[in-house]
Amino acid sequence: MRPVRPRDAAPVLPRWRSNFVLLSIAACFIVLAGRALWLQALNNDFLQRKGESRYSRVIEIGASRGMIVDRNNEPLAISTPVESVAASPADIEAGPAELRRLSQMLGVSVDDLRSKLSDSKREFVYLKRQLPPDQAERVVQLGIPGVFLQREHRRYYPAGDVMAHIVGFTGVDDKGQEALELAFEERLAGKPGSRRVIRDRLGRIVEDVESIRVPQNGEKLALSIDARIQYLAFRELRDGVAAHRAKAGGIVVLDAQSGEVLAMANLPTYNPNNRGKLDAQRARNRVVTDLFEPGSTLKPFTAAAALEAGLFQFGTVIQTAPGSMTIGSRTIHDAHPQGALTVAQVIQKSSNVGTAKMGLALSSETLWDLFSRAGFGTPPRSGFPGEVSGRLRAHATWKPIEQATMSYGYGISVSLLQLARAYTIFSSDGQLFPVTMLKRDGPPEGTQVVSAQTAQSVRRMLEMAAQPGGTAPGAQVAGYTVAGKTGTAHKLEGKGYATNRYVSSFVGFAPATKPRIIIAVMIDEPSAGQHYGGAVAAPIFSQVAAGALRLLAVPPDAPGRTTVLAPADMPLIKEDV
């Protein structure tokens, strides 16, 4: 019989329950002790990381951007160290008064500062980039915890606006934005490194702990540009644009033997060291990116096609009287009517009628093929960003009047660089050379476009064009023979052509007997009374060629010869297409 427990007696717990509770508590203490032993003795990485996060930082070490130099190792773009003000929002200790002083010193609003410092989880934020050294030092003297200086690099361009369209510029992050700075970003930029440092509560580095990754500086880029010729070309272009009150202008100088670009200038221009109010129109490299109808500078290519086809010879006579030619409902005119002219005289005097007759004697495919192989309709592949291919329509779509106008440079569009490159056919023995903005180590491999005999015949025609009786006696250079062709083209306006807006151009090379340089000049909308290529662009060629030949130490090929000027009373040989 089980004993009866009184109703008011205390309950008695089973012994196994108390043992279970004691064992559970003991197990918890053992687990906690084991965890503490693990964290503090065996595996302290977590606590170490937490501790280091209070004072240890991994900072990026910027790589120095590679220099850009000209062919003679003259610096064109240099990276200089500057200081930027940065902060660690997680460590910032600044009251309203300190923020006001900091905002005044940096020239930013207090609200902007608060916005940048609002995220306390961030360990790095820029407050102001690339400050002058004295201003950066005053910021440090404020002694605000969590505010510190960050070393960066800023690009400096010694030649300023003279080289602006070639070199371009970088942004605040030192990344290329325009021209060759953009085209060769990968080679110039390098790869940043990193290192672990210890900072104090003011953000100052007190110990350099270790290097994590060594920075790799960018490559040095050697251009084909000759800074001496570049200054010369820029100066003469600037003076020419100003004298003729032109809207814009461009010039490019090529090495006739290698296809290297020795100089390239545009107006208007800009200063890449001061881009506060940069106008996109000023930053455009017109030599490479702008298209225009070449006008009479294309006539030598039609003559070359006619000679290659065997239908015409150097002395073949073409009747251009009465100075006009009607095709369907359209009439072609010569600005200076002539009578019977040889093929050479057609180029010398820039006869539209004579050139059209040569062009129409060929099949459209033959003429198109020569233009295409001369590089028109395809980019020149110079490596410059934004270069255009131009416009060369398929020959199957040409009407007779279009084939006629195409033969003297209308209905086709080119860039000035394309046009200069195409003239390597005549400065060499019929080869088209690739162009480059980088210095070459050896001669390039050209593409044969026409025979050596044809190229030499056209070269003689171009030499006649630059002499009295031609359209460009103003291109003459004392002591040297010169060859080249003028162009005077009406500009497109709506669905037709403007009557008083022109593009004046000249493309030539010197010495004519053994060409060393090719120079192409384009003046957009001259408005000072003259608009013919022979009066506007040819004299610029003459000045640049004279200086460049001396700088390159090219011996005169006609040492006893002075500049052959046309008589004062000789009428200007006009061209107006």
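The values are calculated or read from the model by the stated rules, or taken from the named source; none is laboratory data. Given the structure is predicted, the values throughout are model-derived calculations rather than measurements. Cβ sites come from the backbone with ideal geometry, for glycine too, and all protein chains shown count toward neighbours. Heads up: the accessible areas ignore ligands, DNA and RNA and are worked out on the full protein's heavy atoms, side chains in. Shrake-Rupley method; radii C 1.70, N 1.55, O 1.52, S 1.80 Å.
Key figures for this structure:
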quantity	calculated
Spatial extent of the stretch 499-550: Rg and Dmax, with the Cα atoms as the point set, Å	12.3, 40
Amide H within-cut-off set for G377, under 5 Å, with H built and near neighbours excluded	R391
Computed [θ] at 222 nm, helices only, for the chain once each DSSP H run of length n ≥ 4 contributes -39500 (n - 2.57)	-9000 deg cm²/dmol
Cα-only Debye scattering, the stretch 297-382: base-10 log of I(q)/I(0) at q = 0.13 Å⁻¹	-0.43
The chain: angle of helix 352-361 to the longest principal axis, Cα-based, in degrees nearest 10	80 degrees
Cα-based Kirkwood hydrodynamic radius, the stretch 365-503, one decimal, Å	16.9 Å
Angle between the chain longest axis and helix 96-106 axis [Cα atoms, degrees, rounded to 10]	20 degrees
Distance violations [Cα-Cα > 20 Å] among K299/K349; K357/K514; K299/K491; K191/K220; K357/K491; K175/K220	K357/K514; K357/K491
Rg/Rh ratio calculated on Cα atoms of the stretch 443-497 (Kirkwood radius)	1.15
Separation between Cα centres of the stretch 321-375 and the stretch 385-452, rounded to whole Å	19 Å
Sequence-separation-based contact order of the stretch 224-291, relative, with Cα cut under 8 Å and 6+ spacing, percent	31 percent
Normalised convex hull volume, the stretch 261-338, alpha-carbon set, Å³ per residue	199 Å³
Among (i) 0.98; (ii) 1.09; (iii) 1.50, the entry that matches Cα Rg over 2.2 N^0.38 Å as calculated here	(iii)
Once the Cα gyration tensor of the stretch 96-177 is diagonalised, semi-axes √(5λ) in Å	31, 15, 11
In sequence order, calculated HN-Hα J values of the stretch 69-82 (Karplus, 6.51, -1.76, 1.60; Hz; x Gly/Pro)	10, 7, 5, 9, 6, 7, x, 10, 8, 10, 9, 10, x, 9
Computed E for V125/I78 - FRET, C-beta separation, R0 30 angstrom, nearest 0.05	0.60
Accessible area (Å², per residue) of the chain, counting only protein heavy atoms and a probe of 1.4 Å	47 Å²
Amide proton proximity set for Q177, modelled H, under 5 Å, gap of 5+	F169, T170, G171, L182
Calculated from backbone phi, Karplus (6.51, -1.76, 1.60) coupling profile of the stretch 322-327 in Hz, x at Gly/Pro	x, x, 8, 7, 9, 10
Accessible carbon and sulfur surface of the chain relative to its total accessible area, %, 1.4 Å	53 percent
Extension reserve of the T331-A33 stretch, reckoned as 0.36 nm per residue once the Cα distance is removed	96.8 nm
q = 0.15, 0.17, 0.21 Å⁻¹: log10 I(q)/I(0) that the Debye formula gives for the stretch 236-375, counting C-alpha atoms only	-0.92, -1.03, -1.21
Theoretical gain in end-to-end length, Q456 to R151 [0.36 nm per residue, Cα-Cα removed]	103.9 nm
